[in-house]
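Data first, discussion second: the structure below is written as structure tokens.
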Amino acid sequence: MYRYDQLDRTFVAERVRQFRDQVARRLDGRLTEDEFKPLRLQNGLYLQLHAYMLRVAIPYGVLSSRQLRALAAIARTYDKGYGHYTTRQNIQFNWIRLDQAADVLAALAEVEMHAIQTSGNCVRNVTTDHLAGIAPDEIADPRPYCELLRQWSTLHPEFSFLPRKFKIAVTGAEADRAAIAVHDIGLRLVLDAAGAVGFEVLVGGGLGRTPILGSVIRRFLPASDLLGYVEAILRVYNRYGRRDNIYKARIKILVKALGAEAFGRAVEAEWQAMDRDGMAIDAGMLDRVATHFAPPAYAELADAAPERAQAMREPAFARWLARNVLPHRVPCYRAVMIALKGGGAVPGDATAETMERVADLAELFSFGEIRVTHTQNLVLGHVAAHDLAALWHALRVAGLANPVVGTVTDIIACPGLDYCALATARAIPIAQAIDAAFADVAELHDIGDLRINISGCINSCGHHHVGDIGILGVDKRGQEVYQLTLGGSSADEASLGTILGPSLPPDQVAGAVRRVVDVYMERREPGESFLALVRRLGVDAFKARVYGGLEAHAA
Amino acid sequence: MSRLIKNLALVADPWREAAAEGPLPDGDVIVPLARFTAEREALLAREGRLGVRLSPDDDPAALAGDLGHLDLVALAFPRFTDGRAYSQARLLRERLGFAGELRAVGDVLRDQLLLMARCGFDAFELRADKDPDDALGAFADYSVAYQAPVSPAPGGRV
Ligand code: SF4
């Protein structure tokens with residue numbers, strides 16, 4: 001993983017000092033709240049319903065055991081003993097005091113972490129595939145490029161006051177686990193005919209009030225030109241993006257207004273006029289960063305699949321293998337997912353004890369490295385296959401072996417009205433109700449992959465537009481009601497969900513999900529995914545069942 | 001007291017701002033772009049130094065042929081959260097090669113000064129209600145940066 005050099009260390013220390021001074025000036029009145037707000041946001045500090053919330057970046061979703069223990073310590077010292085993993089490879093602490101915020105940042109700096117640009121109208125922390133460097137379907141490791149983008153974007157003097165927030169996601173694999181089509185810039189590593197590494201560049205994707213998938217503006221950008229080209233995109237956006245209406249200020253609106261082709265031409269013109277050589281990533285730069293992401297020292301192991309025999313004997317282990325264990329590019333290794341879901345859990349929440357336990361297990365079984373996924377789970381990415389049984393036992397003891405990854409109960413949910421100042425409805429209790437309605441693990445496995453995403457308002461932090469089943473909380477004359485969408489996907493054939501019908505009160509959501517799943521189970525062809533079935537049947541087939549069922553229920 | 005920061009110090013400001021129309025003040029004068037375009041010949045022939053003020057909507061390329069005759073370009077921040085002048089500054093310095101004074105005017109606050117300087121601004125008209133001594137501290141907030149400095153660096157850049 002990336003280790004700070006002298007520049008990073010100095011920079012982060014100076015950032016903490018600067019923020020401490022800004023807080024002091026806010027507290028003595030030299031800074032007004034309006035002047036302070038953008039400054040605190042660019043340090044990850046939000047004012048929520050009950051307290052300040054601090055959003056900490058987990059670059060590329062990778063943590064060391066030492067860092068995870070530091071997060072646990074922060075949860076204990078400055079929060080109420082837990083943290084919340086978000087859909088953007090961040091962790092949020094919900095109960096921070098303004099006068100202690102700089103102390104938390106200093107504690108983070110101790111372990112080479114920060115909260116810089118996790119919020120605000122600037123280039124946000126770059127996200128990528130949580131299986132980067134692990135997945136067998138990878139073309140090239142995206143993380144060195146993410147790190148170069150992180151450095152380039154950090155306190156970029158030209159782009160610290162953009163019209164609106166700006167999110168970049170990078171994928172290096174064939175299967176897109178970084179949801180690049182719903183980001184302001186999406187980058188896909190590709191090879192050209194000669195085998196040279198480059199990027200396909202998408203712009204203008206995003207969720208929220210105006211959900212839209214990104215458009216390709218360049219099929220192949222040589223990798224060395226990445227920073228210059230991204231800078232050109234940002235400059236066009238900074239100059240011409242709308243600033244008169246925050247709902248129309250994202251780059252997607254500009255791309256839509258100009259048309260993707262015209263926008264792409266403006267970017268090309270800006271890029272051509274730029275000092276492209278000065279912005280080029282040279283091999284030395286890339287190599288220096290890439291060494292940080294070198295694979296760990298894998299052992300030479302003989303048996304490629306030692307877990308099979310045990311799985312024959314132990315069905316519970318087999319179920320866990322089936323859902324929570326993924327293949328690794330190194331044949332005798334596996335990636336093990338830890339679901340922070342199920343059993344009444346708040347999706348994405350982890351207590352300090354859980355974090356410490358996972359940090360210990362990572363040290364024992366996975367080279368001291370932990371990943372955080374955008375589905376709000378954790379991953380031990382490099383587990384030797386012959387250790388799987390021992391790890392499984394240890395996880396079971398800790399209550400962390402829930403074999404539900406990718407199933408109906410592996411729900412993505414934002415904090416919603418339980419915490420968030422922008423929320424219109426709660427998300428957590430809805431997730432818990434669905435979880436309770438699908439308590440039978442055998443049934444979950446029978447259903448298979450099915451993604452449910454819940455957002456507590458149209459800002460869509462829970463990515464409801466791209467869930468197989470999306471659930472959006474809305475406020476209707478003071479009542480929390482929920483709108484269901486079907487058939488969204490953030491993967492390769494990305495699509496936005498279609499609204500199923502009228503909104504439902506909170507106590508009917510889990511039942512509606514149940515009926516949607518029933519239709520899937522009855523109508524699916526062998527091997528047919530939920531998404532494929534929705535595309536084949538259309539949502540009306542589901543609508544009849546959901547709302548027909550409700551009438552019958554009411555009668 | 002002066003509110004103009006240059007070369008890490010508060011300095012007297014010899015420049016006067018001219019309105020869109022009406023009589024020009026004597027001496028060094030800053031005119032809005034529209035007036036410069038309309039009265040270009042007369043303005044260039046006049047005694048005293050000349051500066052042009054751009055609004056964030058203006059394209060710096062409009063001055064491309066005239067920058068050699070200008071001693072100052074003022075870029076406006078209508079609100080400190082409006083970041084368009086940062087791009088204008090870099091374009092003026094890097095693309096158009098402007099080497100004169102590049103001045104930040106409008107909602108100019110302490111916590112943005114270093115960003116402005118790093119985009120090529122070298123003069124800062126601090127908002128009237130802010131303490132200039134306090135603001136001078138901003139330039140020492142960071143000793144390092146991830147981005148290359150703006151080039152060509154104008155003389156006297158902080
Ligand atoms: S979707 Fe809305 S309620 Fe949920 S975290 Fe985002 S802003 Fe808050």
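Structure data summary
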quantity	calculated
Projected-area average for segment A:412-554 over all orientations - Cα convex hull basis, square nanometres	8.5
Average partner coverage of A:158-170, which counts Cβ from other chains inside 10 Å	4
Charge context of residue A:280, other residues only, Cβ under 12 angstrom, K/R +1, D/E -1	-4
Order of A:338, A:139 under a 10 Å beta carbon neighbour criterion, fewest first	A:139, A:338
A:337, A:279 arranged by Cβ crowding within 10 Å, fewest neighbours leading	A:279, A:337
Calculated over chain A: convex hull of Cα atoms, volume per residue (Å³)	161
Cα-based radius of gyration of segment A:226-308 once divided by 2.2 N^0.38 Å, which approximates compact folds	1.81
Two-site label geometry, residue A:521 and residue A:294: point separation in nm, points 7 Å out along Cα→Cβ	5.1
Counting all C-alpha pairs of segment A:446-507, share separated by more than 20 Å (%)	24
Shielding score for B:84-91, defined as the mean number of other chain Cβ atoms within 10 Å	6
Chain B, dipole about Cα centre (Lys/Arg Cβ +1, Asp/Glu Cβ -1), debye to the nearest 20	360
Projected area, mean over directions - segment A:274-402, Cα convex hull, nm²	10.9
Cα pair distances exceeding 15 angstrom across segment A:4-67, given as percent	64
Simple Cβ-charge dipole of segment A:134-292, Lys/Arg +1 and Asp/Glu -1, about Cα centre, in debye nearest 20	1040
Cys residues of chain A counted as unpaired, since no other Cys beta-carbon is under 4.7 Å	A:122, A:146, A:332, A:420, A:457
Reachable lysines, given that their alpha-carbon falls under 27 Å from the alpha-carbon of residue A:341 and they are not under 8 places away in the same chain	A:80, A:167
Candidate lysines for bridging to residue B:6, where Cα separation is under 25 Å - those fewer than 8 sequence places away on the same chain excluded	B:130
Positive-end extreme of charge dipole, the protein assembly as shown - chosen from B:149, A:224, B:32 (charges on Cβ)	B:32
Area projected by the alpha carbon convex hull of segment B:1-155, averaged over all directions, nm²	9.1
For chain B, built as a Gaussian network whose Cα springs stay under 10 Å, the top-fluctuating residue of B:104, B:76, B:64	B:64
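Values in this text are rule-based calculations from the coordinates and carry no lab data. Remember, it's a predicted structure, so these values are computed and weren't measured experimentally. Positions of Cβ are generated from backbone atoms using ideal geometry, with glycine treated the same way; all protein chains shown enter the neighbour counts.
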